[in-house]
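Trainee: Just passing along the structure, written as structure tokens.
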Amino acid sequence: MIDVMQHLPILLVAIPILMAAVMIMLRSHPKLQNILNVTVSIVLLLMSIQLLFHVWDNGIQVYEVGEWGKYGILLVADLLGSSMVLLSSGISLMALIYSLDYIQEHSLSSTYHSLFNLMIAGLNGTFLTGDLFNMFVFFEILLLSSCALVVSQGKGGHTKTSDKMEATFKYLILNMIGSIVMLIAVASLYATLGTLNMADIAVKISALSQSGTLPWHLFMIAPLFIIVFGNKAAIFPMHYWLPDVHPSAPSPISAMLSGVMIKVGVYGVLRVCFLIFPDALFLLKPMIIFLALATIIVGAISAIGQNDVKRLLAYSSISQVGYIFLGIGMGTALTITASLVYLVNHAIAKSMLFLTSGSIIHHAGTRDMTKMGGMIQSAPLMSSAFLIGAMSISGLPPMGGFIAKFMLFDAGILDQYYIPVAIALLFAVLTLFYMFRAWLRMFWGEERDFVEHGEYRAQNTSLYVSIPIILLAAAVIALGLYAEPLIVLSQAITDQLLDPQPYIDAVLTRGVR
Amino acid sequence: MNSVLLSITISILFGIGTFLILRRDIIKVIIGLSILSHAVNLLIASTGIFDGDKVPIITGSHESAVASGTIFTDDVVNGVMSPVVSVMTGTHYVDPLVQALVLTAIVISLAITAFILILAYRIHEEYKTTDLNEMKRLRG
């Protein structure tokens with residue numbers, strides 16, 4: 001019998017790519033497509049849970065594609081990678097179930113399913129690969145499939161096609177420039193060190209720095225990676241594409257983009273800073289802290305002025321990513337643990353909020369919050385879900401966001417970063433303000449003028465819509481009430497990040513055919 | 001990277017590409033992106049050129065190739081990062097890996113250029129213009 005456990009990393013990438021092709025062939029059988037894709041997503045979720053437990057019990061798993069050792073493509077499942085895969089599989093399953101009822105039938109059966117699978121393949125590949133150039137390839141798969149998904153149209157068509165195209169054009173051009181910068185960085189690293197394998201690069205750089213012959217241009221390459229991953233994660237100078245793209249996408253795709261896709265940038269920074277460039281950390285840490293604070297400030301202030309509910313959530317995503325980067329920039333064991341907890345909590349809460357906002361928009365027939373009001377009577381499920389999400393994002397107990405914010409500020413104060421923590425705390429109050437202002441404007445108060453804007457439609461409480469929202473809301477509350485497993489996992493991940501030796505050993509002990 | 005002329009060509013291409021992506025016309029932006037990605041491809045290819053003419057073809061197993069000197073191994077202590085070697089070690093190979101990398105990068109940029117050209121065509125249909133300054137319905 002083939003040992004399935006051993007092949008889990010490649011299966012997590014290969015099955016979605018295979019399904020992308022199968023879905024195109026099944027386009028005349030929409031029912032079968034839906035059932036098959038949901039089944040496969042559930043299987044992928046179970047496999048990622050299995051992979052995480054396997055890695056937790058047996059240490060870092062390395063899978064060789066071909067038998068070329070460190071010269072070939074390696075998939076490395078360490079705790080960080082496998083838990084990111086688990087997070088993305090969970091959220092993508094929810095988004096997929098939601099989109100069965102949300103996306104137009106024609107778009108759903110023709111292209112949506114296969115592009116969605118390609119996006120999952122890109123995400124899993126990025127999180128599992130151990131090779132820098134391979135990571136670039138998966139980034140491009142991710143970029144192209146998500147661009148095409150942004151253009152797909154939801155039922156009702158509350159976003160104009162021309163708006164979607166303008167947003168996609170911006171997104172594509174900026175990410176293309178980002179990937180060109182990444183290629184420059186990869187090529188310069190290869191020209192200096194003669195390898196693309198991340199563990200091998202780490203060994204060579206530490207050997208060079210021990211002998212004192214570290215070339216100065218490595219200190220230029222490290223900030224280039226910050227530009228690349230910062231562009232993915234939308235931190236301050238590269239943030240302006242996000243509030244156009246995320247609201248223009250249909251809601252399940254917004255949930256994927258805001259929940260998982262911007263975390264790819266965070267993942268990249270964690271990998272590159274702590275595995276490849278531990279010698280450049282003295283340069284990178286102040287840079288990341290500064291950019292993170294600027295991101296928090298810009299995102300929070302812009303979010304206050306928004307009338308469009310999805311645009312408000314997008315600006316809030318920018319601001320929250322700033323908090324995650326703040327923890328990474330402080331760079332001690334406690335703060336990195338805190339920002340990993342923050343990452344998971346924000347991913348779940350924000351994807352739930354985007355799914356909820358899709359139903360709210362459908363219910364009200366508009367995205368403009370000034371034309372909503374008093375919807376708590378007509379849409380109780382959506383209002384309570386939005387309240388749970390808003391409480392988590394703004395950090396109120398007993399939601400998961402409280403634990404995350406508390407850990408982050410506590411760790412920052414313990415490590416004596418008083419001024420950054422003070423600024424972050426000030427803007428956390430603004431988060432509270434803009435999230436609850438949005439909730440009050442949409443659900444509280446008088447119902448809108450029905451003569452001018454029309455009646456609300458009936459609340460859509462089909463199982464496809466309500467199950468993902470209820471499950472994600474339950475996860476938000478669960479992470480707040482019983483946060484210990486997540487905190488223990490984050491601590492273990494941080495230990496692996498700060499001490500990359502096991503990772504390097506696991507990768508480099510492979511033989512070559 | 002050994003040739004000064006090659007380096008100057010690459011930097012000029014980068015300059016042209018950067019100039020073009022700052023234009024207002026969509027098509028010029030797309031051409032600029034293509035030129036930039038070709039400049040990067042040249043940059044990658046140029047990292048694999050060592051002064052030599054031998055073809056790096058391995059016959060047999062990895063071990064025999066190491067023994068015969070076709071593959072040279074890392075000697076991190078002495079600053080040898082295979083396949084990046086200084087001229088002193090006297091190897092005369094062209095690094096084949098970078099050519100595979102460039103091939104991958106070209107295919108990817110082809111796919112993206114195709115997508116972005118179709119997008120530009122649809123934008124022209126919706127907006128009746130290719131001027132980026134008139135595409136301001138979203139305010140960022």
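The values are calculated or read from the model by the stated rules, or taken from the named source; none is laboratory data. Given the structure is predicted, the values throughout are model-derived calculations rather than measurements. Every residue, glycine among them, receives a Cβ derived from its backbone with ideal geometry; neighbour counts consider all protein chains shown. When the accessible area is computed, the model is the full protein with side chains, heavy atoms only, and any ligands, DNA or RNA have been set aside. Shrake-Rupley method; radii C 1.70, N 1.55, O 1.52, S 1.80 Å.
Trainee: Suppose we keep only residues that are in contact with a Ser or Thr (Cβ under 8 Å, 6 or more places away or on another chain), open to solvent by less than 20 Å² (accessible area, probe 1.4 Å) and not aromatic (Phe, Trp, Tyr) within segment A:414-450. Which one would you say is farthest from residue A:361 (Cα to Cα)?
Mentor: A:428
Trainee: Considering only segment A:215-249, state which residues are away from chain B (no Cβ under 11 Å) and not in a helix (DSSP H, G or I).
Mentor: Scanning segment A:215-249 gives A:216, A:217, A:234, A:235, A:249.
Trainee: Then there's this: Starting from residues that are of a type in the set (S, T, N, Q) and touching a Leu at 6+ places or on another chain (Cβ under 9 Å), keep the ones in segment B:101-121 and report whichever is least open to solvent (accessible area, probe 1.4 Å).
Mentor: B:109
Trainee: Something else: Looking only at segment A:451-477, filter to residues that are open to solvent by less than 50 Å² (accessible area, probe 1.4 Å) and modelled with pLDDT of 85 or more; which one of those is farthest from residue A:372 (Cα to Cα)?
Mentor: If we take residues in segment A:451-477 being open to solvent by less than 50 Å² (accessible area, probe 1.4 Å) and modelled with pLDDT of 85 or more, then A:475 is farthest from residue A:372 (Cα to Cα).
Trainee: Here's something else I'd like to know. Applying the selection to segment B:122-140, what residues are touching a residue at least 12 places away in the same chain (Cβ under 8 Å), more than 7 Å from chain A (Cβ to nearest Cβ) and either open to solvent by less than 80 Å² (accessible area, probe 1.4 Å) or not in a helix (DSSP H, G or I) (or both)?
Mentor: B:130, B:131, B:132, B:133, listed by residue number.
Trainee: Then there is this: Say whether the condition of being of a type in the set (A, V, I, L, M, F, W, C), under 21 Å from residue A:423 (Cα atoms) and open to solvent by 10 Å² or more (accessible area, probe 1.4 Å) is met by at least one residue in segment A:371-390.
Mentor: Checking segment A:371-390: not a single residue is of a type in the set (A, V, I, L, M, F, W, C), under 21 Å from residue A:423 (Cα atoms) and open to solvent by 10 Å² or more (accessible area, probe 1.4 Å).
Residue-wise test of (1) assigned to a helix (DSSP H, G or I); (2) closer than 24 Å to residue A:25 by Cβ.
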| residue | (1), (2) |
| --- | --- |
| A:76 | no, no |
| A:91 | yes, no |
| A:96 | yes, yes |
| A:100 | yes, yes |
| A:108 | yes, yes |
| A:113 | yes, yes |
| A:116 | yes, yes |
| A:122 | yes, yes |
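Trainee: Specify which of the listed residues (A:7, A:54) is more than 21 Å from residue A:464 (Cα to Cα) and in contact with a helix residue (DSSP H, G or I) (Cβ under 6 Å, 6 or more places away or on another chain).
Mentor: Sole residue among the options that is more than 21 Å from residue A:464 (Cα to Cα) and in contact with a helix residue (DSSP H, G or I) (Cβ under 6 Å, 6 or more places away or on another chain): A:54.
Trainee: Looking at A:212, A:130, which is the one that is surrounded by fewer than 22 Cβ atoms within 10 Å (Cβ to Cβ) and more than 7 Å from chain B (Cβ to nearest Cβ)?
Mentor: Answer to the check: A:212.
Trainee: Out of all the residues in segment A:187-200, is one or more part of a helix (DSSP H, G or I) and more than 28 Å from residue A:507 (Cα to Cα)?
Mentor: Among the residues of segment A:187-200, not one is part of a helix (DSSP H, G or I) and more than 28 Å from residue A:507 (Cα to Cα), which makes the answer no.
Trainee: Here's something else I'd like to know. Looking at residue A:167, is it open to solvent by less than 10 Å² (accessible area, probe 1.4 Å) and under 26 Å from residue A:79 (Cβ atoms)?
Mentor: no
Trainee: Let me ask you something else. Only one of (1) closer than 29 Å to residue A:56 by Cβ; (2) open to solvent by 10 Å² or more (accessible area, probe 1.4 Å); (3) more than 10 Å from every other protein chain (Cβ to nearest Cβ); (4) among the aliphatic types (A, V, I, L, M) is not met by residue A:141, so which one is it?
Mentor: (3)
Let's see how each residue does on (1) over 30 Å from residue A:488 (Cα atoms); (2) surrounded by fewer than 24 Cβ atoms within 10 Å (Cβ to Cβ); (3) within 14 Å of chain B (Cβ to nearest Cβ); (4) in contact with an Asp or Glu (Cβ under 6 Å, 6 or more places away or on another chain):
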site: A:15; (1), (2), (3), (4): yes, yes, no, no
site: A:28; (1), (2), (3), (4): yes, yes, no, no
site: A:36; (1), (2), (3), (4): yes, yes, no, no
site: A:42; (1), (2), (3), (4): no, yes, no, no
site: A:50; (1), (2), (3), (4): no, yes, no, no
site: A:57; (1), (2), (3), (4): no, yes, no, no
site: A:72; (1), (2), (3), (4): yes, yes, yes, no
site: A:98; (1), (2), (3), (4): yes, no, no, no
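Rundown of residues vs (1) over 16 Å from residue A:272 (Cα atoms); (2) at pLDDT 85 or above; (3) touching a strand residue (DSSP E or B) at 6+ places or on another chain (Cβ under 7 Å), yes/no style:
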{"position": "A:186", "(1), (2), (3)": "no, yes, no"}
{"position": "A:196", "(1), (2), (3)": "no, yes, yes"}
{"position": "A:200", "(1), (2), (3)": "no, yes, no"}
{"position": "A:209", "(1), (2), (3)": "yes, yes, no"}
{"position": "A:212", "(1), (2), (3)": "yes, no, no"}
{"position": "A:218", "(1), (2), (3)": "no, yes, no"}
{"position": "A:224", "(1), (2), (3)": "no, yes, no"}
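Trainee: What is the number of the single condition among (1) open to solvent by less than 30 Å² (accessible area, probe 1.4 Å); (2) part of a helix (DSSP H, G or I) that residue A:159 does not meet?
Mentor: (2)
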